[in-house]
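Written out below as structure tokens is the structure these notes cover.
The values are calculated or read from the model by the stated rules, or taken from the named source; none is laboratory data. Just so you know, these numbers come straight off a predicted model, no measurement behind them. Virtual Cβ from ideal backbone geometry, glycine too; neighbours counted across all protein chains shown. The area values use the complete protein model at the heavy-atom level, side chains included, leaving out ligands, DNA and RNA. Shrake-Rupley method; radii C 1.70, N 1.55, O 1.52, S 1.80 Å.
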Amino acid sequence: MMSFYLDDGLLAGDPDKVQVALETLRDAAQMIGLRLQPRKCVVYTLDEEGIDLPAGWGLEGMPSPVFDGDYLGCPFGSDDHCSSFVRARVEEMKESLELIADVPDSQVAMNLARLCSGFCKLTHLMRSSQCLGLQGPLVEADRLLKEATQKILKTPLDGPIWRQAQLPLRSGGLGLRSCESHRYAALLGSLRLTRSTCQGLWGGYECLPASEITEELNDLVPSDKRLQPDWDSLDVSQRQVSALIDLRKRNEAEEETDEAGKKRLRALRAEKAGAFLGTVDEDNVIPAPEFRLACAFRLGIPLFEEGQCDRCNATRDKYGVHATICKGNGGLLK
């Protein structure tokens, strides 16, 4: 197999065939005034124990084969290498989240956190790496996103409040999808689309057994939506599997709250209920204090002490529902 993008290329196959391709490429390049730089090449082997290359293999100056590496931003090789690679990307994400959390406009900061960091920042890695040892770095990514969100909203987000925040906007959350929870959905979606192509390109390709992925996913999806443990029966995309994970999380959020909380969560699924969390433009600008308050109201964070309203003498609830309908013109900000 040969693939090129501008002056970066990839040759893959049996060692003797790669050697022939290298020599052919070198000779063809020289005919148009280009020169191959063997010392700048990297040779990878898919055998962790190493391989014995044929005598005279490669070109003069070609380095010895290595097992660990990365290509197009995707790590491959040992679990330790893949885990370290992803951990470095999470560390880069930490720096960007720290800057985002310091943005004075909370509405802008939340959009940056949701659309430019967290899950969307690491999706490519989760789709392209079959390494199963990524849990640690991905848990850390979720923790960093939570810390940044707490700083943006100036309020702690623990337990069911944070779990609701991880739901999509259409399900009443803040759209801060969990990397840990959705990593296998990303991997399954990618392997389902590429498995047959990889097998056609290289007969020795060994795909992860579907059962290893579905075993993890079936603990995250509703019990009546369990996935079949073989590739031939899996006709689902990453989006569809993630929707199932979100559905279970949404159902669990309703189960662990009181009746008032259930009504709030159902109301948040109404059309445009989360519009204020969408794209920021000149017609959709909310001052930081009001935006933070709207998010707290959405997540069911207590805003008042329960008691009698000093404006209309009615009972005042701690979540601020009464303030939105107070006959004494109370309001959440008054």
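What a 1.4 Å probe finds exposed on the chain is 50% carbon and sulfur by accessible area, rounded to a whole percent.
Here the 3J(HN,Hα) profile of region 307-313, calculated from phi with Karplus coefficients 6.51, -1.76 and 1.60 at θ = phi - 60°, is x, 8, 5, 7, 9, 10, 6 Hz, Gly and Pro shown as x.
When Rg is the radius of gyration of the Cα atoms in region 158-297 and Rh is its Kirkwood radius, what does Rg/Rh come to?
1.09
Relative contact order for the chain using alpha-carbon pairs under 8 Å, separation at least 6, rounded to a whole percent? Computed value for the chain: 13 percent relative contact order. Sorted on the mean count of surrounding Cβ atoms within 10 Å across their residues, most packed first, peptides 171-183, 31-43 read 171-183, 31-43.
Note on the chain: antiparallel DSSP beta bridges, both residues inside, total approximately 90 percent of the bridges counted.
Against the chain, whose longest principal axis comes from its Cα atoms, helix 15-31 is set at around 80 degrees. Taking Cα atoms only, the orientation of helix 106-116 departs from the longest principal axis of the chain by about 30 degrees. Solvent-accessible area per residue in region 1-50 equals 82 Å², computed with a 1.4 angstrom probe and all protein chains kept. Relative intensity of region 1-112 on a log10 scale, I(q)/I(0) at q = 0.10, 0.13, 0.16 Å⁻¹, equals -0.48, -0.66, -0.84, per a Debye sum over C-alpha point scatterers of equal strength in the absence of solvent. Rolling a 1.4 Å probe over the protein heavy atoms leaves Trp57 with an accessible area of roughly 40 Å². Can you tell me which of Glu305, Glu252, Glu216 moves the most in a GNM of the chain? Springs connect C-alpha atoms under 10 Å apart. Comparing Glu305, Glu252, Glu216 in a Gaussian network model of the chain, the most mobile one is Glu305. Listed options for Rg and Dmax of the Cα atoms in Å are (1) 26.1, 92; (2) 22.4, 70; (3) 23.1, 83. The value calculated from this structure is the one marked (1).
From its DSSP helices (H runs of at least four residues, each -39,500 (n - 2.57)), the chain gives a residue-normalised ellipticity at 222 nm of -15500 deg cm²/dmol. Axis angle, to the nearest 10 degrees, between helix 119-128 and the longest C-alpha principal axis of the chain: 30 degrees. Sorting Glu206, Glu254 on solvent-accessible area from highest to lowest, probe radius 1.4 Å, gives Glu206, Glu254.
Between Leu208, Leu112, Leu59, the Gaussian network model of the chain with springs among Cα atoms under 10 angstrom shows the greatest mean-square fluctuation at Leu59. Remark: region 91-249 carries 47 Å² of accessible area per residue (probe radius 1.4 Å; ligands, DNA and RNA excluded).
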